[in-house]
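Here the structure is laid out as structure tokens; the discussion comes afterwards.
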Amino acid sequence: MFLIMFAAIPAGLLAMSFTASTSLLLALMAGPLVGSVTGFCAALFLAWHRGSEWKSDHDFDQQTDAMVGALRALAEQGGAVDAAPPIRTAKPSQAA
């Protein structure tokens, strides 16, 4: 995400600075357009660079199942702790 941001913002600003001497309206239109295209190219580069990592969600499913199992085990342990006797509080008429 940071690569996309660090590619798009400077590219848009450079396009605006190059076209500002020609026309302010052209600079205001070219900056966001060039920044968006550069950001899109950076996103495509990241997708190409990561390649097969994004194609396989099997590892994420296993990690999620492991986390859910750990949380369920903690909830069962917490249920045993919650079985402690309740704390008794004094009634307002019994307060000294």
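The values are calculated or read from the model by the stated rules, or taken from the named source; none is laboratory data. Predicted model only: the values in this text are computed from it and were never measured. What goes into the accessible areas is simple: the full protein's heavy atoms, side chains included, and nothing from ligands, DNA or RNA. Shrake-Rupley method; radii C 1.70, N 1.55, O 1.52, S 1.80 Å.
The condition (being modelled with pLDDT under 70 and either more than 30 Å from Phe2 (Cα to Cα) or within 21 Å of the chain's Cα centre (by Cα) (or both)) is satisfied by just one residue among Ala42, Ala90: Ala90. Just one of the numbered conditions (1) of a type in the set (A, V, I, L, M); (2) open to solvent by 70 Å² or more (accessible area, probe 1.4 Å); (3) at pLDDT below 85 is not true of Ala95; which one? Unmet condition: (2). Filtered by the rule that a residue be open to solvent by less than 90 Å² (accessible area, probe 1.4 Å) and at pLDDT 80 or above, region 52-78 gives Thr64, Ala66, Val68, Gly69, Ala70, Ala73, Ala75.
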